[in-house]
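Engineer: If you scroll down you'll find the structure; I have some questions about it.
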Amino acid sequence: MNKIALVTGATSGIGEACARKLALIGYNMIITGRKADRLDALARELSAMGVGVITLEFDVRDREAAAAAITSLPPEWQEIDVLVNNAGGAWGLEPEYEGNYEDWDTMIDTNIKGLLTMTRLIVPGMVERDRGHVVNIGSVAGDAAYAGGNVYCATKSAVKALSDGLRIDVAHTSVRVTNIKPGLVETNFSVIRFHGDKERADNVYKGIQPLSGDDIAECVAFAVSAPPHVQVAELLVLATHQASGSVIHRS
Ligand code: 8X3
């Protein structure tokens, strides 16, 4: 059987692009997300590429549902080689002193606790098999805070700390840990951040060519395809006219 990759949040954006790319390079895919119809459509597409596909519909914020989904996998599918912790997002861009409690909870529960839950469920098997790769989708936002980024930036700083921590904790094994830190990527990221305000979201990518989900998927494929003795610990990937989370040149 081919190697197996599990991608969370595979129904759109970077997650969807990662699922396609990993299928393209021969992984059997477990795709997870909250929207059954999008998972099914992607599953049909990936199956047509000749790889095995399993869909698991759950929200990474729901620990019991996540555990039940992983337990439900057939035994030969439990030996996951690559975990892409992609599910996450940004909700709101208000100053910290005016932030929305619900947005904060959503980001902390998804970006930090959801990632931790998936890690806790899948990495013990990797350690036992002395084989595996965890790819966390962090962000340039985790390197330094920017205006209004506050809690989102904090969650992505947490992704860095959790990636570094896990790398230390599995250093005695052959399991590898990669933190990919994208800058501006044009997906539904900003539409979600601005609670559906498409015009405001479009403005984020005005005057600059942003990255695409495919660009980030290429980086994930590079990291997981590196020879076994090579651990790509971190990749900071920016659009050419973006220098940091807050320095963006627009023409
Ligand atoms: C997404 C990148 O720069 O919009 O994490 O925060 S940024």
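The values are calculated or read from the model by the stated rules, or taken from the named source; none is laboratory data. Note that this is a predicted model, so its numbers are computed, not measured. Neighbour counts run over all protein chains shown; Cβ positions are idealised from the backbone, glycine included. Heavy atoms of the whole protein, side chains included, go into the accessibility calculation; ligands, DNA and RNA do not. Shrake-Rupley method; radii C 1.70, N 1.55, O 1.52, S 1.80 Å.
Engineer: (1) in contact with a helix residue (DSSP H, G or I) (Cβ under 7 Å, 6 or more places away or on another chain); (2) within 30 Å of G132 (Cα to Cα): which one isn't true of A171, the others all being true?
Structural biologist: In the conditions (1) in contact with a helix residue (DSSP H, G or I) (Cβ under 7 Å, 6 or more places away or on another chain); (2) within 30 Å of G132 (Cα to Cα), A171 misses (1) alone.
Engineer: Suppose the filter is within 20 Å of G196 (Cβ to Cβ) and outside any strand (DSSP E or B); does N111 pass it?
Structural biologist: Yes.
Engineer: I would also like to ask the following. Considering (1) within 19 Å of I216 (Cα to Cα); (2) at pLDDT 95 or above, say which one N188 fails and leave the rest.
Structural biologist: (2)
Engineer: Need a quick list: helices (runs of 4 or more DSSP H) entirely within the stretch 1-105 having at least 3 residues that are without any contact (Cβ under 8 Å) to a residue 24 or more places away in the chain and open to solvent by less than 50 Å² (accessible area, probe 1.4 Å).
Structural biologist: 36-48
Engineer: Kindly list, by first and then second residue, each pair from a residue in the stretch 173-188 that is farther than 21 Å from H241 by Cα to a residue that is within 11 Å of the ligand (Cβ to nearest atom) and open to solvent by less than 20 Å² (accessible area, probe 1.4 Å), limited to pairs with Cβ atoms under 7 Å and residues at least 6 apart or on different chains.
Structural biologist: From the stretch 173-188, the pairs are N179/G138; N179/V159.
Engineer: Pairs please, first residue from the stretch 114-138 and part of a helix (DSSP H, G or I), second anywhere and at pLDDT 95 or above and of a type in the set (D, E, K, R), Cβ atoms under 7 Å, 6+ apart in sequence or on different chains.
Structural biologist: G114/R61; T117/R63; G125/E79; R129/E79
Condition check ((1) within 16 Å of the ligand (Cβ to nearest atom); (2) over 16 Å from the mean Cα position of the chain (by Cα); (3) buried (at least 20 other Cβ atoms within 10 Å of the Cβ); (4) of a type in the set (F, W, Y)) across all residues:
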site: I112; (1), (2), (3), (4): yes, no, no, no
site: T117; (1), (2), (3), (4): no, no, yes, no
site: D130; (1), (2), (3), (4): no, yes, no, no
site: H133; (1), (2), (3), (4): no, no, yes, no
site: A145; (1), (2), (3), (4): yes, yes, no, no
site: V175; (1), (2), (3), (4): no, yes, yes, no
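Engineer: I'd like to check something: does the stretch 148-169 contain any residue that is farther than 21 Å from K113 by Cβ and open to solvent by 20 Å² or more (accessible area, probe 1.4 Å)?
Structural biologist: no
Engineer: Residues of the stretch 189-227 being within 16 Å of T240 (Cα to Cα) and in a loop (DSSP other than H, G, I, E, B), which ones?
Structural biologist: Across the stretch 189-227, the qualifying residues are Y205, K206, G207, I208, Q209, P210, S212.
Engineer: Considering only residues that are over 14 Å from the mean Cα position of the chain (by Cα) and open to solvent by 30 Å² or more (accessible area, probe 1.4 Å), which ones fall in the stretch 213-235?
Structural biologist: Hits for the stretch 213-235 are F222, S225, P227, P228, H229, V230, Q231, A233.
Engineer: Which pairs have Cβ atoms under 6 Å, sit 6 or more apart or on different chains, and link a residue in the stretch 192-216 that is small (G, A, S) to one that is within 13 Å of the ligand (Cβ to nearest atom) and outside any helix (DSSP H, G or I)?
Structural biologist: Matching pairs, first to second residue: A201/F194; G213/T187.
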